[in-house]
Structures are given as structure tokens and as C-alpha cells.
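Working notes for the structure below.
Any read-out appearing in this document is the output of simple, stated calculations on the displayed coordinates, not a laboratory observation. Owing to the predicted nature of the structure, the values given are computational and were not obtained by experimental measurement. Because the Cβ atoms are built from the backbone with ideal geometry, glycine has one as well, and the counts that use them run over all protein chains shown.
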Amino acid sequence: MPATRTEKDTMGTMSVPADALYGASTQRAVENFPISGRPVPFDIVRAYGHLKGACATVNQELKLLDAKRAGAIKKACKQIVDGLPDHDGWARHFPIDVFQTGSGTSTNMNANEVVANLVCLAKGAPIGSSKDADYLSKGGVHPNDHVNMGQSSNDTFPTAMHLAAACAIHSELLPALDRIATSLESKAKEWDKVVKIGRTHIQDATPIRLGQEFSGYARQMRLAIDRATRALDALTELPLGGTAVGTGLNTPNGFGKRVAEELTKTLAGKDGHPRFKEAKNHFEAQHAKDAFVEVSGHLKTIAISLSKIASDIRLMGCGPRCGIGELKLAPVQPGSSIMPGKVNPVICEMMVQVSCQVVGNDAAITMGNTGGVGSILDLNVAMPMIATNLLDSVHLLANASNTFTAKLLDGLEADEARCDELIEGSLAMVTSLVPVIGYDKSAAIAKQAFAEGRTVRELCIEQGVLPANELKKLLDPAKMTRGG
């Protein structure tokens, strides 16, 4: 076979790699956008496989596509979807850069061409035959007339965005957040009786139980699950059916609704996958990407929660001898090339970096939907960038959460002796005396204890501030964590 083959699109001829499943339109986009070297995420490619297959099913039901052509298209689409375990192999057939035409038209054309050429191979025809008149007269599949029937790039690409993001949140992020929440809840229960000093403004405060702190972290993650679920719900309205500008030109009535139902049937199964529906208003669904700004906002909030948890654990574990040292972090790798025996909180640092990236992704997504930048009149023209950043955030949060749970939380230990030592030496112990001896006298005791390097308990006993039994009761740190 020659190294290249010649194909035509509406603008003329192009030289295409001989064994590439794409055609002239894709090759033209490859040459036009040598920008980042990062192709559109495979999540989008897989979503296109589901989408084009569902469209073929509906077109057949509407008697717009004959059974043989519809069947061939669906078989080719299944090949794309099933290629997930080897998606790197598909990368060479979906090579268009993320930074391409803002509507994703190039990727839609790419999908049409690959599906059509997979049909060529299945029929024993050479790759590139999909526009040959003789081939088409014998039941061949044309990339535009058949694979793209009833569709436009302007409604298929945003629909693929919705599908890809919803699937990733459902199958990756939600399970990861549940794992981290469950682990935190387990630690909260395990450490419910471990009393330690509280800290506000990073200064000593009144006592708190370690389990109480971790119950707060666990609640953050349960709320993160609620946010991810709301994000998922925001993605269930699909723009398909609006074609070019939302009017539905060249699409049969009810097409979008029926495709959404078919996608729900295909993807939902019995595992609680969200149910898709046609957009209530196609002009909103295509002209703006507000849903993605909303979803990214939820992801950003989840990232901030995870950053707070990771930072707190890193701080409470600092040491091991010259820091707080209330937590013992499992050593996972050497921490220094010059200081032997040093171990660093690398898993916490990973999580903080991921959180920073998600915040950055959110900024890009927000700008991509800003009027005059991405959302202009009747179409958003920053969709590939928006989709890529959103999917990046989902994958990063899911992977980071799973790693954080397995490599840090599950093996995390409390140093109870260190907690006891620090709480007894804290000046904030005097707070429980205020209702009995007053604020000013309590402050004087705290200042004297600090100046003399002594504990509040020692000074109170020495000065006979209160009877011994009452003093013991008031200076019980465990009771201080229960309020009242």
C-alpha cells in the first residue's frame, strides 16, 4: 500500500495516511491546528460512538435509514465504544487537536469519517470508498448523508460533551468520593475519644476530639457527593435535535427526544446511571454552556474541600519530632535526596496540586462561556476546550481521591500520647474557668502560665483558685468537647 491516499472534501483534495480511518476533512483539521499535541479526549470519542449509534437506530425507526445501513453504522459505532480498553489505538484515528474550531465541527466530521470507513472495511471495500458513487449505490454508507443524518456539529458536539461528562462523573467521581467519605467516617468513629487541642488562627484553642474533626471532613465529602450528583443532573438535558442554531432544521420532529431515550436505554442499565432527556429549549442548550459552568463550579467546590482536608492532615502530621505530630502519616517514599530518613506528606501535596489545577480548569471553562469570548449569539465556540478541561477535572478528582484514600487515609494513625501532651500544656485550657472566676482572672492565669512555662492546671492548684474537685471537673478536656 502507498504511504498515503488521496481523498476529497468540499474544498478539494488532501493526502491522507493510507491506513487512517479518517478522511480529507479530518486531515485538513490536523494540518490547520498543530497547537497543543493533545487530541480531543477519548471520552468525547466514546460518547460520539454512543451518539451516532443511537441516531442510526432512531433514523431506522423513522424509516429514514434502511436496516442494512443502520445496522452497519451501529456495528461500527460499537467498535469505537468497545475500543475503550485500547483507546490509545484509536488515538491515531481521532488526531484533531483540542484547540480547533470552537464548535467541534472537525471532531464531528472526524467521527463521521471513521464510522463510514469502518463500514467500508466491514463490507470489504477499500478505506476511502465512502463517497464513491458505485459503492454508495450498493448500500455503502456516506459520512454526511448517512452517519450524520438529522444532525449538525452544533448539536452533536455539545451532546457528546454532556454524555462524556455525565458518564465520567457517574462511573469515576461518585464512587471515588464515596470511598473517601467512608474512610473518613471510619476514622471519625475510631478516634471519637481521642481528645486534642483545637486550633483557630493556627493558635491554641479549646479542646476538640480528633473524631469530631474527622466527622467534619466526612461531612464535607458527603456534601461533595451531593454536589457531584447535582452536577450530574445538570448534564442530563441533551442539545441534540437543534441542528445548526437550535431551530431543528433538517431534523424530523421528535428526533432529539427519541435519541435521548435511546441513549438512556443504552447507558442506564441497572446501576443508577442518569436518564437523559431532550433539552427544554434548544436555543439555550446550544447558544450557551451554562450547564458546564455550573458543573465546573461544583467540581471546584469539591476540589477546595479536598484541599482543606489534605492541608489539615499535612499540618497535623508535621514533624515527626519538631512539629505538631498528632497524626502519623504512612511513609510511601523517601522524601529527600540529601536528608536521609526524611519522609514527606507527598499524598497531601498531590491533592493540593490537583485542587489548584481544578480551580484553573474552572477559570478556563468560565471564560469559555463568557459572552463575546465563547458564547457568541447562536453558538458557543469554545466547546472543545470547555469539554477537555471539565473532563480533566473529573478524572483528576476521581484519581486523586482514590489515591488519597488508599495511600493515606486508610493507613493514617493518631498519636494519642502526643495529643494528650499538647492539650495539657495548652493555655486555652483556662477557657472553661471563665464562667466561674471571670474573664480577667482567667486571662491573668494564662499569661502567667505562659511566662513561667507552666500549665494552667499547675498554677490553679498552687494558687488555690478553686477547690480541687471542682478544678478537676472544669479542667477535664474531654468534657470541654461536649459543650454546655
Which pairs break 25 Å Cα to Cα here: Lys74/Lys300; Lys52/Lys265; Lys187/Lys447; Lys78/Lys131; Lys189/Lys300; Lys131/Lys265?
Lys74/Lys300; Lys187/Lys447; Lys189/Lys300; Lys131/Lys265
Expected unfolding gain across His273-Lys308 under the 0.36 nm per residue rule, minus the alpha-carbon gap, is 9.6 nm
Long-range amide H partners of Ala205, meaning residues 5 or more apart or on another chain whose placed amide H is closer than 5 Å, are Gly198, Arg199, Thr200
Could you grab the relative contact order for the stretch 425-480? Cα pairs under 8 Å, six or more apart, rounded to a whole percent.
41 percent
Pop a pseudo-label 7 angstrom from the Cα along the beta-carbon direction at both Asp88 and Gln353 and give the gap in nm to one decimal.
2.1 nm
Going by alpha carbons, how many degrees (0 to 90, nearest 10) lie between the helix axis of 174-190 and the longest principal axis of the chain?
10 degrees
Could you tell me the convex hull volume per residue, in Å³, taken over the Cα atoms of the stretch 205-244?
68 Å³
Please state the relative contact order of the chain as a whole percent: Cα pairs under 8 Å, 6+ residues apart?
15 percent
Between Asn469 and Leu223, what is the spin-label point distance in nm, taking each point 7 Å from the Cα along the Cα→C-beta axis?
4.4 nm
Could you put Thr370, Thr57, Thr206 in order, starting from the residue whose Cβ has the fewest other Cβ atoms within 10 Å?
Thr370, Thr206, Thr57
Using alpha carbons only, how many degrees (0 to 90, rounded to 10) separate the axis of helix 290-316 from the longest principal axis of the chain?
30 degrees
For n ≥ 4 DSSP H runs only, could you compute -39500 (n - 2.57) per run for the chain, divide by its residues and tell me the 222 nm figure to the nearest 500?
-18000 deg cm²/dmol
Using label points projected 7 Å from each Cα along Cα→Cβ, tell me how many nm separate Val373 and Leu315, to one decimal.
3.2 nm
Kindly write out, for the stretch 450-462 in residue order, the coupling ³J(HN,Hα) from the Karplus curve 6.51 cos²θ - 1.76 cosθ + 1.60 (θ = phi - 60°), rounded to whole Hz, with x marking Gly and Pro.
5, 5, 9, x, 10, 8, 4, 4, 4, 5, 5, 5, 4
Name the long-range amide H neighbours of Glu278: under 5 Å, sequence gap of 5 or more, or other chain; modelled H, no Pro or chain starts.
Leu238
For Rg/Rh (Cα atoms, Kirkwood Rh), the choices are [x] 1.16; [y] 0.97; [z] 1.01; which was calculated from the structure?
[x]
The stretch 395-402 - phi-based ³J(HN,Hα) in whole Hz, Karplus 6.51/-1.76/1.60, Gly and Pro as x
5, 4, 5, 5, 5, 5, 5, 4
Calculated FRET efficiency, Lys189 and Ala330, Cβ-Cβ r, R0 35 Å, to nearest 0.05?
0.95
Cα convex hull of the stretch 177-223: how many Å³ per residue?
62 Å³
Take the Cβ-Cβ distance between Lys447 and Ala417 as r, set R0 to 25 Å, and report the resulting FRET efficiency rounded to the nearest 0.05.
0.35
What's the center-to-center distance, using Cα atoms, between the stretch 47-104 and the stretch 397-420 in Å?
42 Å
